[in-house]
Structure formats: structure tokens, C-alpha cells
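Remarks on the structure that follows.
The values are calculated or read from the model by the stated rules, or taken from the named source; none is laboratory data. Computed from a predicted model, the values in this text were never measured in an experiment. All Cβ positions, even for glycine, are placed from backbone atoms using ideal geometry, and neighbour counts span all protein chains on display. These area figures cover heavy atoms from the full protein model, side chains too; ligands, DNA and RNA do not enter into them. Shrake-Rupley method; radii C 1.70, N 1.55, O 1.52, S 1.80 Å.
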Amino acid sequence: MPLTGQLFIGRERVATAATFRAANPTTASHLDTDFSSAGPAEVSRACELASQAFDQYRALDSETRAKFLETIADRILALGDELLERANAESGLPLARLTGERGRTIGQLRLFADELRKGGWLGIRIDPALPERKPLPRADLRQRKIAVGPVAVFGASNFPLAFSVAGGDTASALAAGCPVVVKGHPAHPGTSELVAQAITEAVAQCGLHPGVFSLLNGDTRELGAALVADPRIKAVGFTGSRAGGLALMKIAAARPEPIPVYAEMSSINPVLLLPGALAARAEALGKEFVGSLTLGSGQFCTNPGLVFALEGPHVDTFIASATAALGGAAPQVMLTAGIFDAYQKGVDRLANNTAVKTIARGGDTQGKNCGRGALFSVPASALTHEIAEEVFGASSVIVRCANETELVEALEKLEGQLTATLHVTEEDYALALSVIPTLERKAGRILANGWPTGVEVSSAMVHGGPFPATSDGRTTSVGTLAIERFLRPVCYQDIPDALLPHVLRRGNQSSLPHRVDGVYQTGAHR
């Protein structure tokens, strides 16, 4: 499908005078399509359409919205190799990685379709009237969750499919009943256009209001700011830098009607190598660690950027193994020239810190924007916020702890994280149990004997964590719980059956999870 470079405002294709081009990070050359950059008028029009679509879209039954999500998945798959090839040209990511990411994108759309059909997301609670209760009767109380309103979604740089136009934020917001206005990432506007075309085709095929989806491309900060500030937007989904997330949170909080910004921002994902695990497999752990560190040039929000280990000979074995593995790891192209430059500055900052020792670097750089892996070490007593700050790329710091007390004290210095990983054997269980409460306070996901890179899309997954990993540690951007971000509860008191939502009417809960007087039940209730 030839790219037009136009915006998607509902079903209308719009061109603007202001344009920009994407760059191929592998060659550092611009690609050949001019893409329209949305301005205030386009933002206002997209948000108005989303507002007009909201009541109609949120009122649809679960099956209709489920089929819509599945239709989007089918349409994306039908784009075939064209989508993968364009994403490769705009991101430098290999086709095999992008094929897997497309599968994840389609899979999470279908996962939310399944979640809609199960009905638990509705949060149905019924407290029947108790007219004879003394000293006061109880009214009939019925609760369900409804969509919050139009949602602004920001595409991420490092996942041009799974965290972008039809990614997890969009899928969960559409599942909740919220129209979506996407601000496409300027690094991959062609990929965004192809996916937007698939979504608009699904909107038309399912007979939905055209305002259910819009795509606004652009390479200015003003575009994102205007979108968040628009009064018709009721929530925001964002994956990106801490500076970007904080800027959007500030705008959202300063509105006459403040709104939530669900931002995934910064995480270094500490890994704890406990003594028994190091004694049993230090050399293997070194190789596995580097494999996780350098995967995708380290451009994952779950990259292991900090490793804790107790002093001893097995730490040296681990470091020797990791050094050898990193030396043999060829640098990979990074997503954009800007991300590459930021990575270089982060590595230089660590290398120039007098408390930090440079242990190893990756192989020599071959080509444009290739991030050379970096491994450092620091005594736990010298660990500072600056040293523990995220470097987005294949860089990590080993924190050498003199004893268990230093380990615990160092963990307490950490900010909120997406993940924390324990490498343990049975002899480490006592130490592990002593640090797990700290890890629970610091992270959204705790792993044992694995590596944090790789996030399963499932019902139990949590991809979130205390600030600054995310702006709200009570939420997740991956897994079915992500729908909760875009819902709010409404209680109906003594409302006649004919006026109640269908799912709350007497006898209509037979196939839906619900609670009666606080007790989970299956089967209908009067």
C-alpha cells in the first residue's frame, strides 16, 4: 500500500503544510515520504470526534467490541511483509524481531477480546435491598465499571508495533470502551500509517463511529502537549523517557480538570546474584547476563542495568565470564540517532565517575548509530543515585557488596523498578526471604533464576512499578489488568430495572462473574 503521509482524523485523511521525514538509523539517511505534522486544529478535530463517539462506543455490548479488536488483529496480519519491511527501515530492528512483535501485537488484541467476553472487567457488585433491616433499611445497590472517556496514546520508540498505534495502551483503552487518539512516534510514521489504515478499516467494517480512532503524526513536543491539554481527553497512556513522562504529567495536572497519565518511564531492573547461585553457576550466569543485556542493543525497559553480588571468588568468575561474552558481542544499531547519542553520554558519565570502574566494552563499532556494550563496577558503599540512573542501552553496573548488610542498604537506595531478579539456590532462601519484602516495595515484578528481558502478555503479568518506573505503581501496561486504567466504578441506587444497564438488571448475571453481598457467585441474581 503506497504511503500518503497523511493524518487519520476519524476516517478522514488530512494533509498539512508542515511535514517531516523518518530516518533509517542503519544508514543515517532520510526515507522518501513526507509526513504531515498535526497542529492545534487537527488535535482539536480528532479530540472532538473522539468525544462525539464516546457514548455510542462505550454503550456497545462486549461481543461487538471483542469482534472489533479481533478485526483489527486480522487487518494488521493482512498487511503482510510490507508492515515488517517498513518497520525495519524506520527502526533498524531485524525482521525476525519484528515478526515476533507483530505476533505479540495481534495476540494482545485477541487477549483483550477474550477478556471482554469473560466479563470480569465489569466489576459487577450487587448488594440487594434489605427493607426490614434495623435500625435502618438498606437500599438496593448495584455497581459496574464504565469507560472514562477518550484516551490519548503515545507511541513508543522501542516497540514500533506492540507499544505503538495498535499496542497495549490502545488495545486496553478500546477494550474498556474508550475512543483513542494516538500520537504516533516520529521515528516510525510509515509503520504508524500502515497500522492506522488497518484500524480504520476495522472501524468501518464493524460499523463504528469514525471518531473511535485517530492518528496524529508530528515531530514536535507541542503536538503531545496540545493533545494532553485538550479537555476532551480523559486519560493518557505513555511509554518513553522520564523527562517526557514528567512533562505530560505536569500538563495533565495543571488542567482545569486534571487527568491521569499512565506513564512508563525509567527502570534499571536490579539483578541479585546470591552466593549459592554464584557458587553453582557463576560462569553460565555471566554469559546469560550479557545475552539479556545486549538483546536488542539493550533498548528494553526491562534491561538489567544493575547487578548486586556479595564479595567472593565467584563474583570474579562471573565478571570474567561476562567480560568475555561482552567482548564478543557485536554492537547493534540503535533505534534513532538521538537514542544513540543519549546512550553515549550515559556511558561516558559512568566512565568518568571516579567511584566507578570500567570492566568491559563490547566489540568495535561497525556502522552508524551502533551502541557498544558497556560494563562497570562500583563498591556498594559508593553507590549513588547518579550511578544507579538508567542508561537506555546495553550498559550495566555491578555493585559489589562486602556483606549482607551492605546489600540490604544498597537496595534501599533504589528508586521504583519494573522488575527485580533473584538468582538463588536452596541455600540462598533465607537471604532471599530477607530481601523480598524490600523488592516488593521497589518493583512490580519479581523473578527467580531468569532474566527480566521478555514480558509475557497474560492475565497475571504486571508491567509497572513504583515511581519512576511508572507514574502510578498500582497499574500495569501489559496484561489484562491494563484495562483497569481506563475504567471507573458507578453505583446505581434503587434504580428501576428498566432503567438499569443491561448487565445489572435482575437475572442478567448468569454468565458473568459478580459479587452479591461481597461474595463471589456464578448464576443469576434477582
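Considering each residue of the stretch 393-452, count those that are under 30 Å from L93 (Cβ atoms), open to solvent by 20 Å² or more (accessible area, probe 1.4 Å) and aliphatic (A, V, I, L, M), and give that number.
Counting residues in the stretch 393-452 that are under 30 Å from L93 (Cβ atoms), open to solvent by 20 Å² or more (accessible area, probe 1.4 Å) and aliphatic (A, V, I, L, M) gives 3.
Given the criterion in contact with a helix residue (DSSP H, G or I) (Cβ under 9 Å, 6 or more places away or on another chain) and touching a residue at least 60 places away in the same chain (Cβ under 8 Å), identify the matching residue among I106, I146.
Step by step, each of I106, I146 is checked, and only I146 is in contact with a helix residue (DSSP H, G or I) (Cβ under 9 Å, 6 or more places away or on another chain) and touching a residue at least 60 places away in the same chain (Cβ under 8 Å).
Mind checking which residues of the stretch 473-504 are basic (K, R) and within 20 Å of G177 (Cα to Cα)?
Those that are basic (K, R) and within 20 Å of G177 (Cα to Cα): R485, R488.
Within the stretch 501-520, can one find any residue that is hydrophobic (A, V, I, L, M, F, W, C), in a loop (DSSP other than H, G, I, E, B) and free of Cβ contacts under 8 Å to residues at least 60 places away in the same chain?
The answer is no, given that none of the residues of the stretch 501-520 is hydrophobic (A, V, I, L, M, F, W, C), in a loop (DSSP other than H, G, I, E, B) and free of Cβ contacts under 8 Å to residues at least 60 places away in the same chain.
What tally of residues in the stretch 47-61 results from selecting those that are open to solvent by 30 Å² or more (accessible area, probe 1.4 Å) and of a type in the set (S, T, Y)?
Residues flagged as open to solvent by 30 Å² or more (accessible area, probe 1.4 Å) and of a type in the set (S, T, Y) within the stretch 47-61 amount to 1.
Go through R125, R97, R86, R110 for me and flag whichever is out of contact with any strand residue (DSSP E or B) (no Cβ under 6 Å at 6 or more places or on another chain) and closer than 28 Å to R485 by Cα.
Of the residues listed, the single one that is out of contact with any strand residue (DSSP E or B) (no Cβ under 6 Å at 6 or more places or on another chain) and closer than 28 Å to R485 by Cα is R110.
With the requirement that a residue be part of a loop (DSSP other than H, G, I, E, B) and not β-branched (V, I, T), what does the stretch 444-464 give you?
N449, G450, W451, P452, G454, E456, S458, S459, A460, M461, H463, G464
Do we find a residue being part of a helix (DSSP H, G or I) and in contact (Cβ under 8 Å) with a residue 60 or more places away in the chain anywhere in the stretch 394-408?
Checking the stretch 394-408: at least one residue is part of a helix (DSSP H, G or I) and in contact (Cβ under 8 Å) with a residue 60 or more places away in the chain.
Of these, A329, A351, which one is at pLDDT 95 or above and among the hydrophobic types (A, V, I, L, M, F, W, C)?
After ruling out the rest, the residue left standing is A351.
Tell me, please, whether a residue that is more than 21 Å from D114 (Cα to Cα), open to solvent by less than 50 Å² (accessible area, probe 1.4 Å), out of contact with any Pro (no Cβ under 8 Å at 6 or more places or on another chain) and of a type outside the set (G, A, S) can be found in the stretch 493-500.
yes
Yes/no matrix, rows are residues, columns are (1) surrounded by 21 or more Cβ atoms within 10 Å (Cβ to Cβ); (2) farther than 30 Å from L433 by Cβ; (3) charged (D, E, K, R):
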position: A243; (1), (2), (3): no, yes, no
position: L248; (1), (2), (3): yes, yes, no
position: A253; (1), (2), (3): no, yes, no
position: P258; (1), (2), (3): no, yes, no
position: E264; (1), (2), (3): yes, no, yes
position: S267; (1), (2), (3): yes, no, no
position: L274; (1), (2), (3): yes, no, no
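Hey, can you tell me all the residues within the stretch 348-364 that are touching a Lys or Arg at 6+ places or on another chain (Cβ under 8 Å) and either of a type outside the set (G, A, S) or surrounded by fewer than 18 Cβ atoms within 10 Å (Cβ to Cβ) (or both)?
Residues satisfying the conditions are R361, G363, D364.
Of the conditions (1) of a type in the set (G, A, S); (2) surrounded by fewer than 24 Cβ atoms within 10 Å (Cβ to Cβ); (3) within 20 Å of the chain's Cα centre (by Cα), A229 clears all except one; give me its number.
Only one criterion in (1) of a type in the set (G, A, S); (2) surrounded by fewer than 24 Cβ atoms within 10 Å (Cβ to Cβ); (3) within 20 Å of the chain's Cα centre (by Cα) is unmet by A229, namely (3).
Quick check on my filter: what residues within the stretch 21-71 are over 26 Å from the mean Cα position of the chain (by Cα), part of a loop (DSSP other than H, G, I, E, B) and of a type in the set (A, V, I, L, M)?
Matches in the stretch 21-71: A28, L31, A59, L60.
Looking only at the stretch 363-381, which residues are hydroxyl-bearing (S, T, Y) and in a strand (DSSP E or B)?
Answer for the stretch 363-381, where residues must be hydroxyl-bearing (S, T, Y) and in a strand (DSSP E or B): just S377.
Go through the stretch 9-46 and give me each residue that's of a type in the set (A, V, I, L, M), over 30 Å from G367 (Cα atoms) and open to solvent by less than 20 Å² (accessible area, probe 1.4 Å).
If the condition is that a residue be of a type in the set (A, V, I, L, M), over 30 Å from G367 (Cα atoms) and open to solvent by less than 20 Å² (accessible area, probe 1.4 Å), then I9, A38, V43, A46 are the ones that fit.
Test E427 against the stated conditions and say whether it is more than 25 Å from the chain's Cα centre (by Cα) and modelled with pLDDT of 95 or more.
The answer is yes for E427.
Of all residues in the stretch 487-506, how many are within 14 Å of D127 (Cα to Cα) and of a type outside the set (F, W, Y)?
Adding up the residues that qualify gives 8.
Mind listing whichever residues of the stretch 293-332 are in contact with a Pro (Cβ under 7 Å, 6 or more places away or on another chain), buried (at least 23 other Cβ atoms within 10 Å of the Cβ) and over 19 Å from M265 (Cα atoms)?
F308, the sole residue that qualifies.
So how many residues does the stretch 369-392 have that are surrounded by fewer than 17 Cβ atoms within 10 Å (Cβ to Cβ) and touching a Pro at 6+ places or on another chain (Cβ under 9 Å)?
The total comes to 0.
Kindly establish whether N449 is farther than 21 Å from E101 by Cβ, of a type outside the set (S, T, Y), at pLDDT below 95 and in contact with a helix residue (DSSP H, G or I) (Cβ under 8 Å, 6 or more places away or on another chain).
No.
If the Cβ limit is 6 Å and pairs must be 6+ apart or interchain, which residue in the stretch 301-330 that is in contact (Cβ under 8 Å) with a residue 24 or more places away in the chain and part of a loop (DSSP other than H, G, I, E, B) pairs with which residue that is of a type in the set (K, R) and surrounded by 15 or more Cβ atoms within 10 Å (Cβ to Cβ)?
E311/R400
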